[in-house]
Amino acid sequence: MSLSVIFILLSIVTILTALISLFYRDLLASVISYSVFSLVMTVLFFLLDAPDVAIAEAAIGAALTVCIFVIAIRMTRRREE
């Protein structure tokens, strides 16, 4: 596959995961979608020859932020409405 096809596919996946994380009602599913979004962005940065940005995105965006979100979700109580 050519590089432009890979960029188009990854861009579509990025947009879909961003929309999924925006519109999900379940917070944990939204955080998991955000982590997929961040991992796809890491691959895009790496393909754009920015490995330092890709490493920072993987460490901060995919790992640290998701862990903080999951901890925050676990510390809250779920109310049934």
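The values are calculated or read from the model by the stated rules, or taken from the named source; none is laboratory data. Because the structure is a prediction, the values reported are computed rather than measured. Keep in mind that these areas ignore ligands, DNA and RNA; they rest on the heavy atoms of the full protein, side chains included. Shrake-Rupley method; radii C 1.70, N 1.55, O 1.52, S 1.80 Å.
Could you identify the single residue in Leu28, Leu39, Leu19, Leu9 that is open to solvent by 60 Å² or more (accessible area, probe 1.4 Å), in a helix (DSSP H, G or I), modelled with pLDDT under 90 and not hydroxyl-bearing (Ser, Thr, Tyr)?
Result of the check over Leu28, Leu39, Leu19, Leu9: Leu28.
Would you confirm whether any residue within region 51-64 is open to solvent by less than 90 Å² (accessible area, probe 1.4 Å), closer than 20 Å to Ser4 by Cα and of a type outside the set (D, E, K, R)?
Taking every residue of region 51-64 in turn, at least one turns out to be open to solvent by less than 90 Å² (accessible area, probe 1.4 Å), closer than 20 Å to Ser4 by Cα and of a type outside the set (D, E, K, R).
Can you tell me which residues in region 31-50 are under 13 Å from the mean Cα position of the chain (by Cα) and of a type in the set (A, V, I, L, M)?
Residues satisfying the conditions are Val31, Ile32, Val36, Leu39, Val40, Met41, Val43, Leu44.
Take the conditions over 26 Å from Arg77 (Cα atoms) and in a helix (DSSP H, G or I) and apply them to Ile55. Does it pass?
yes
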